[in-house]
Each structure stands twice: as structure tokens, then as C-alpha cells.
Amino acid sequence: MASGVGVNDMCLNEYQALKLKKAHKYIIFSLNKELTEIVVEKTSSSQSYDDFIADLPETECRWAVYDFEFEKEEGGKRNKIIFVSWSPDGAKIKQKMLFASSKDALRRALVGVAVEIQGTDYSEVAYESVLDKASRGH
Amino acid sequence: MVQYGGDEVSALVVDIGSSSLRAGYAGDDTPKSIIPTTYGYHRAEGDEAMDVEGGDATQAPKRVKMYIGQNGPSMWRAGMETANPMVDGLIDDFAAIPPLIEHALVDVMRCTPSEHPILVTEPPWNTPANRERMAEIMFEEFQVPAFYIANTGVLNAFAAGKGTALVIDVGKSMASVTPVVDGFVLRKGLSYSPLPKLVQAHARHILVTPTPMRRGIELLPHQLIANKTPVDLNAPPRFTLREERLAGTTESWRQWAEAREVDEWIQSVAGVLEQGWNDQLAAQRPPKPYEFPTGYNTYFGGERLSVGEQFFYHPQALVASNPNLPKHLPALISDTLRSCDAELRQVLSSNVVVTGGGTLFAGFVDRLSAELTRSFPHAKIHAPGNPIERRYGGWLGGSILASLGTFHQLWISKEEWQEHGKAIVGQRCK
């Protein structure tokens, strides 16, 4: 079941720029005012993970992709693209419903996402828990 | 393509449960019309021999006078029987459904169903035949311009902001555990049982069984009591029965009314210990007073907490003596999780959504949390604090979804129904 909300072309363009050209570190997605389309809210090349967290509002839903870089235990760097569905407990029920039922449209458009995270509070998107998920099995 | 513009007229949302039927406008945050699903009826004259059990009643709906809504079953009428079209959370007697929906939409909401698209909810274990029948009723009897049927498991997960979640839904007659993954129910992992009925039976047993401390309690509803005089704590009640009504009181109505008294008692007095059963802890909890319609009043101590225990634990002896005992919640949850792979199990247990009126039972969420974290230390429970959201989560989810302008792509239009027939329901409503 899905909401029928569409995905703006810019979402895919910016995602390709992140994935192929490494032009961004992360992208924040949201819905347009009319609630008909998923749009890019912000792109950033900040290397600070805290900046990324700061762009996830306390009481509003968002989606995000983040080009996550980490060291393997046996040495060597790895990059993984993570997808975050941000739906904080404090958000309004209508927005939660809207974002949860529209996620699939965006998620299907983004090919190459390695890790998916459902975040309802900041502990679930903290660097350590993301690192734990990203490094599992590799 | 759908002919009408999705946001020109507001859609209606109908959510049918064992205890109540909820209906209202999409976009609202509470249903406008909440009526009991149980209805009263009189058999037509000269039809005394008609068997009203199961499907037989459906053969002659016109010969039966129904009493529906707030003044339906709860008003005493001589010779009135009661019935409920639901069996194990599914619609069993479809003949009663159109009058119930019509009452909610036309009499209570004063709207014209043929002018509004209607979204109906269904439990995760609904059958294809059942949902097709519902589509048929909506298109053929109510002449709706568009229809959609949505799964309550998915609606509740979405309303909690989750595409993937373990939805624990406890209603009036059924308890279910539904794994929802990316907006779809994982059917092989679905578990459910008529557990709430066991809880009710246990509560009833406590009340009617005499103890050394008190007499067996008469579950007389206020409709059968003419007057009563206040009595002291634990004193025998002093009341006068409405003798003239006794002869005209049917067995089915009496059972319905008594079950309501038990429910009232459960809601005001019963509870569950947060950390599992412990005689000492139960004895330490403050006893709660309760007055019955007869005027009899007493305090209930530890026994009131044993009621909730039925949700979570069944003693060996009980299980051995009753092979058909409904599974308790920890068993349902572990059945569900066992059928999912390890990675998914982790995700589901950290995204537990609790919904349904039965979960408002005092202490329920705390106990559930204790049971879950025993096996899954990272378990996280999402339980709306607002009782309306908890009780009507499925309706509310449907209300939001059906109010979206973009949702019009998903509606099944009347034209599509006429062209494709029943097959379209399964294709569109996944």
C-alpha cells in the first residue's frame, strides 16, 4: 500500500551526484507543500556527522541519504550509502503516515543504497549505531 | 483512470471491529460515528422457528427488525435478541453489514454514501472472498463512486511512522501480531488468537464465583433493576428487579448485557503486574473499589491483577486441560518472529507498534515491554499515549491516507469495478 506521492527528478539527479561524483556528503529529502511530490530539501558536503544530525528536525519527518565512510576492523576504508527514514516520536501523526506510506517511492528510485535505517529518536541515527549497522557482515 | 478528482469530495472511512463500527470523514482525527457492532433484533411474527444461528439468519434479513446504534442493543425491548456479525475479527454475517454501515453513514453522519469514495479497513487475516464481498456491497448496494480496502496492520504501522514494524493489536475479540515489511504484511509471519475472550472469561469467573470473603456477584445490568438502596461495603445488595421485564428478556440479550458488565469492571478495576506474577507484589498493590448496578460494592485486591496475567502467561495445568486454549501474547510474538529471518527479527523487535482498545488495559504496555526485552534487549515499543489514537489507530491511518490528493490513483473506481469485476480488488489493494 502506498500514498501515490511522486518523486521529483531532482532527487535522482542529486543522488547520482552523491553516488558517482561524490559531490555531496548527504542529501535531505522532504515533501513539497502540496504533499504531492518528494523533493530535495538540502544537499551538503559537510564532513561533520553532527551537521547531518542537526539537519534532522526534532518534530518533523524527513528522508536522507548519507555517504557513510568507515574503517574496517582489519584496516582499509569503505564507503556505504545509507538511507534514513526519519520519523521522530514527536512528529504529527499525519506527517508520520504520509512519510511512511511514501517512502517506498523514493527508496525504489535510489539504486545502490547499502543500509536502511528507521529512526524515531536521535540514538537510532547516532554515529555508533549507524557504524554498527554499516560494518555488519563486511 | 479514476474519473473523479480525489480531493473534491472528502472520502469516507469505515473501520469495522468486533466491538464497534467506526465511520467518519477522511482527514478528520476522530471518527464521527462510533456504533456498537452488536445489534438487537426481533424475529418477525410467525417466524418463531427460524434458526438464527450462523448463516441461516442471513436468508431473511427483511423479516427481521434490527435495532442498531447507541439506542440499539443497550435499550431493553421485550423479546429482543442480540447478534454480532463478526467471528474471530472477520465479518461472518454479511447480511447485517449494510444496515450497520447505513446507520453509521446516513443516520448518524447524515451523508449520502453514493457521493463519496469509501475506504474500508480489513484485518490482516481477512480472506479474498471477504474483501470482494465488501467491494460488492459498496459498489452495488451503496453505489459508491470509488472504493479501497486497506489492511489495519499496515495502517497502524504507517500511522506510527514506520514502513517496517511488528504490529501488536489487541481488540475486543482477537489479539494479533503482524509483521509489516516495507508497507506489506508478511503473511507467513502473521499470528493471532481469540485471547481477549479468555481474559473476559477469566474476569467473569472471578466475579461470579463465591469466595470466603464474598458471595458470587450477580451480573445484573441496570436495565433490569427498578431501584436500589445504597448498602455498606460487602453487604448484600438491596434492590428491586423489574419483574415485568424478566419474562421478555432473551438469553442472547442477557449474555450481551452481562458481558458488558464484566467489561466495565475490567476497564475500571483489572490490571496486570509489570514484571510478571508475584503473590507478594500483587498483595501489596492497593485494592480498588467497585460498585455493581445492584448496589453491591466491594474492594478487589490481588485477584484483579490476575486478570491481565491471562494475556501473558498460562499455567501448565490450564494448558494441559484445554488444548484449544488461545495462545498468549509472548507465544504469538515468538511464533511470528521465528518465521522471520534473523536480520528482520532484529528490525521488527526494535519497531514494535501497539494498538487496539485492549492494549489500554492498565499496565499492559509496561508488561509487554518487560516480556519483550527479556528476549530482545533492544526492543522498542511505540504505543500512542493518546487513547483515541490507540483505540482507533486503523481508522485514523485510513483517514489520513484517504485524505491525500495523491491517493486517488489507488482508488478502484466504479467504472473499473464494472469493467473488471472482483478481480480488481486483489490487484489494486495489496
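The values are calculated or read from the model by the stated rules, or taken from the named source; none is laboratory data. Just so we're clear, the structure is a prediction, and the values are computed from it rather than from any experiment. Neighbour counts are summed over all protein chains in view; Cβ atoms, including those assigned to glycine, are modelled from backbone coordinates with ideal geometry. Calculation scope for accessible area: heavy atoms of the full protein, side chains included, ligands and nucleic acids excluded. Shrake-Rupley method; radii C 1.70, N 1.55, O 1.52, S 1.80 Å.
Quick one: would you say residue B:289 is surrounded by fewer than 14 Cβ atoms within 10 Å (Cβ to Cβ) and within 17 Å of residue B:215 (Cβ to Cβ)?
Against the criterion (surrounded by fewer than 14 Cβ atoms within 10 Å (Cβ to Cβ) and within 17 Å of residue B:215 (Cβ to Cβ)), residue B:289 qualifies.
Scan the stretch B:184-237 for residues that are among the polar types (S, T, N, Q) and either open to solvent by less than 20 Å² (accessible area, probe 1.4 Å) or within 24 Å of the chain's Cα centre (by Cα) (or both) and report the count.
Residues meeting the conditions: 4.
Checking residue B:303 against (1) within 27 Å of the chain's Cα centre (by Cα); (2) of a type outside the set (Gly, Ala, Ser); (3) farther than 26 Å from residue B:232 by Cβ: exactly one of these is not met. Which one?
Of (1) within 27 Å of the chain's Cα centre (by Cα); (2) of a type outside the set (Gly, Ala, Ser); (3) farther than 26 Å from residue B:232 by Cβ, only one is false for residue B:303: (3).
Can you find a residue that is within 14 Å of another protein chain (Cβ to nearest Cβ) and surrounded by 21 or more Cβ atoms within 10 Å (Cβ to Cβ) anywhere in the stretch A:5-28?
Checked the stretch A:5-28: at least one residue is within 14 Å of another protein chain (Cβ to nearest Cβ) and surrounded by 21 or more Cβ atoms within 10 Å (Cβ to Cβ).
Tally the residues that are within 14 Å of chain A (Cβ to nearest Cβ), of a type outside the set (D, E, K, R) and over 24 Å from residue B:121 (Cβ atoms), restricting the search to the stretch B:323-375.
6
Is there a residue in the stretch A:60-69 that is out of contact with any helix residue (DSSP H, G or I) (no Cβ under 6 Å at 6 or more places or on another chain), more than 8 Å from every other protein chain (Cβ to nearest Cβ), under 20 Å from residue B:397 (Cβ atoms) and not in a strand (DSSP E or B)?
Yes, because at least one residue in the stretch A:60-69 is out of contact with any helix residue (DSSP H, G or I) (no Cβ under 6 Å at 6 or more places or on another chain), more than 8 Å from every other protein chain (Cβ to nearest Cβ), under 20 Å from residue B:397 (Cβ atoms) and not in a strand (DSSP E or B).
Just the residues that are under 30 Å from residue A:119 (Cβ atoms) and more than 10 Å from every other protein chain (Cβ to nearest Cβ), please, taken from the stretch B:123-152.
Those that are under 30 Å from residue A:119 (Cβ atoms) and more than 10 Å from every other protein chain (Cβ to nearest Cβ): B:123, B:124, B:152.
Report, by residue number, each residue of the stretch B:386-405 that is facing another protein chain (nearest Cβ under 10 Å) and surrounded by fewer than 24 Cβ atoms within 10 Å (Cβ to Cβ).
Hits for the stretch B:386-405 are B:386, B:389, B:403, B:405.
Quick grid of which residues meet (1) within 16 Å of residue A:64 (Cα to Cα); (2) surrounded by fewer than 22 Cβ atoms within 10 Å (Cβ to Cβ); (3) out of contact with any strand residue (DSSP E or B) (no Cβ under 6 Å at 6 or more places or on another chain); (4) not basic (Lys, Arg):
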position: A:99; (1), (2), (3), (4): yes, no, yes, yes
position: A:105; (1), (2), (3), (4): yes, yes, no, yes
position: A:110; (1), (2), (3), (4): yes, yes, yes, yes
position: A:128; (1), (2), (3), (4): no, yes, yes, yes
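Return yes when residue B:401 is over 22 Å from residue B:266 (Cβ atoms), in a helix (DSSP H, G or I) and out of contact with any helix residue (DSSP H, G or I) (no Cβ under 8 Å at 6 or more places or on another chain) and no when it is not.
Spelling it out, it is not the case that residue B:401 is over 22 Å from residue B:266 (Cβ atoms), in a helix (DSSP H, G or I) and out of contact with any helix residue (DSSP H, G or I) (no Cβ under 8 Å at 6 or more places or on another chain).
Of the residues that make up the stretch A:77-91, is at least one within 14 Å of chain B (Cβ to nearest Cβ), in a loop (DSSP other than H, G, I, E, B) and buried (at least 22 other Cβ atoms within 10 Å of the Cβ)?
Scanning the stretch A:77-91, I find at least one residue that is within 14 Å of chain B (Cβ to nearest Cβ), in a loop (DSSP other than H, G, I, E, B) and buried (at least 22 other Cβ atoms within 10 Å of the Cβ), so the answer is yes.
Hey, among the residues in the stretch B:238-277 that are among the small types (Gly, Ala, Ser) and either buried (at least 16 other Cβ atoms within 10 Å of the Cβ) or part of a helix (DSSP H, G or I) (or both), which one's nearest to the chain's Cα centre (by Cα)?
B:259
How about the stretch B:182-212: which of its residues are more than 14 Å from every other protein chain (Cβ to nearest Cβ) and aromatic (Phe, Trp, Tyr)?
B:192
Restricting to helices (runs of 4 or more DSSP H) lying wholly in the stretch B:295-392: which have 1 or more residues that are farther than 22 Å from residue B:194 by Cα and free of Cβ contacts under 8 Å to residues at least 24 places away in the same chain?
B:342-349, B:364-375
Mind checking whether some residue in the stretch A:30-38 is surrounded by 14 or more Cβ atoms within 10 Å (Cβ to Cβ) and away from every other protein chain (no Cβ under 11 Å)?
Scanning the stretch A:30-38, I find at least one residue that is surrounded by 14 or more Cβ atoms within 10 Å (Cβ to Cβ) and away from every other protein chain (no Cβ under 11 Å), so the answer is yes.
Cβ contacts < 6 Å: first residue touching a residue at least 40 places away in the same chain (Cβ under 8 Å), restricted to the stretch A:38-57; second residue surrounded by fewer than 17 Cβ atoms within 10 Å (Cβ to Cβ), any location; separation 6+ or different chain. Result?
Every condition considered, the pairs that remain are A:49/A:127.
Here are some residues: B:71, B:84. Which one is modelled with pLDDT of 85 or more, under 21 Å from the mean Cα position of the chain (by Cα) and exposed (fewer than 13 other Cβ atoms within 10 Å of the Cβ)?
Checking each option against the conditions leaves just B:71.
Find the residue count for the stretch A:92-112, including only residues that are within 13 Å of chain B (Cβ to nearest Cβ) and either aromatic (Phe, Trp, Tyr) or outside any helix (DSSP H, G or I) (or both).
The number of residues fulfilling the criteria is 2.
For the stretch B:153-174, which residues satisfy the criterion of being of a type in the set (A, V, I, L, M, F, W, C), in a loop (DSSP other than H, G, I, E, B) and within 14 Å of chain A (Cβ to nearest Cβ)?
If the condition is that a residue be of a type in the set (A, V, I, L, M, F, W, C), in a loop (DSSP other than H, G, I, E, B) and within 14 Å of chain A (Cβ to nearest Cβ), then B:160 is the only one that fits.
Answer yes or no: is there a residue in the stretch A:47-69 that is charged (D, E, K, R), open to solvent by 70 Å² or more (accessible area, probe 1.4 Å) and modelled with pLDDT under 95.
Scanning the stretch A:47-69 turns up at least one residue that is charged (D, E, K, R), open to solvent by 70 Å² or more (accessible area, probe 1.4 Å) and modelled with pLDDT under 95.
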